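The values are calculated or read from the model by the stated rules, or taken from the named source; none is laboratory data. Note that the coordinates shown come from a computational prediction; the quantities given were computed from them, not determined experimentally. Cβ coordinates were reconstructed from backbone atoms using ideal geometry, including for glycine residues, and neighbour counts include every protein chain displayed. The accessibility values were calculated without ligands, DNA or RNA, using every heavy atom of the protein model including side chains. Shrake-Rupley method; radii C 1.70, N 1.55, O 1.52, S 1.80 Å.
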Amino acid sequence: MKDTKEVVLFFKHNTVYKPLDVAKELSNRYEELGNPLILPETANKKNPLIVFNENKDFQIQANLLTFTIVVNHNCFERLASIIFDVVDTLNEFGCSFVRIGYISSVFLPPRCVDIAKERFLKMDYIEDVTDFNLSWYKKIDTKYGAINSWERFITDSANFDDLLCQYDFNSPAKEEVDFNMKYIKEFLRVADSYIADRTDF
């Protein structure tokens, strides 16, 4: 399985934009995205308006609430610059963001499944576990305030042999952050450092 990273940028309340214009600008900046799908606006703001899904390494989807970027390992080093570029692009169309979410899926080799069982399933009454899905939540402090963190360890022997370690970070739901480059850099730095430390099996 391939590692992936997903970034969700949350638009400011009541944001509007012209999907065709935004898609055209994104196509100009990132030719590798391929051709966009432009979908009609509906009453449900969660329904997608722009979809770039031709490139398996780098995909984008946007609606009136969120702008989502999904990349695989081939684009990890570019992720921060992609985020900055997207923020800049949408600013040109009068759109701004107030929150960020970041989901990182890391697949560790099969030998790590037994290490995880030993580390997390030490209770005597849990025996002969085939698969598990463990998760917990904590807050992580940064110099720009706390961020939420969900950590998950998942096995699914019917579909893959690896240990899936999934990390879901987001800025607090009831707080509008000062969404600038310093904040984004610190958010990613803290999250990536935490992931690196926790996946060191």
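As an exercise: evaluate Tyr137 against (1) within 30 Å of Phe11 (Cβ to Cβ); (2) open to solvent by 40 Å² or more (accessible area, probe 1.4 Å); (3) touching a strand residue (DSSP E or B) at 6+ places or on another chain (Cβ under 6 Å); (4) in contact (Cβ under 8 Å) with a residue 40 or more places away in the chain and give the number of the one condition it does not meet.
Checking Tyr137 against (1) within 30 Å of Phe11 (Cβ to Cβ); (2) open to solvent by 40 Å² or more (accessible area, probe 1.4 Å); (3) touching a strand residue (DSSP E or B) at 6+ places or on another chain (Cβ under 6 Å); (4) in contact (Cβ under 8 Å) with a residue 40 or more places away in the chain, the one that fails is (4).
If you check every pair at least six apart or on different chains, which have Cβ atoms under 9 Å apart with a residue in the stretch 51-73 that is touching a residue at least 40 places away in the same chain (Cβ under 8 Å) first and a residue that is among the acidic types (Asp, Glu) and in a strand (DSSP E or B) second?
Every condition considered, the pairs that remain are Thr68/Glu6; Ile69/Glu6; Val70/Glu6; Val71/Glu6.
Give the number of residues within the stretch 94-115 that are without any contact (Cβ under 8 Å) to a residue 60 or more places away in the chain and open to solvent by less than 80 Å² (accessible area, probe 1.4 Å).
3
With surrounded by fewer than 19 Cβ atoms within 10 Å (Cβ to Cβ), under 12 Å from the mean Cα position of the chain (by Cα) and part of a helix (DSSP H, G or I) as the only criterion, which of Phe76, Phe84 stands out?
Selected residue: Phe76, the only one of Phe76, Phe84 that is surrounded by fewer than 19 Cβ atoms within 10 Å (Cβ to Cβ), under 12 Å from the mean Cα position of the chain (by Cα) and part of a helix (DSSP H, G or I).
Can you tell me which residues in the stretch 87-116 are in a strand (DSSP E or B), of a type outside the set (Gly, Ala, Ser) and under 30 Å from Lys18 (Cα atoms)?
Of the residues in the stretch 87-116, the ones in a strand (DSSP E or B) are 97-108.
Going one step further and asking which of them are of a type outside the set (Gly, Ala, Ser), we end up with 97-100, 102-103, 106-108.
Hits for the stretch 87-116 are Phe97, Val98, Arg99, Ile100, Tyr102, Ile103.
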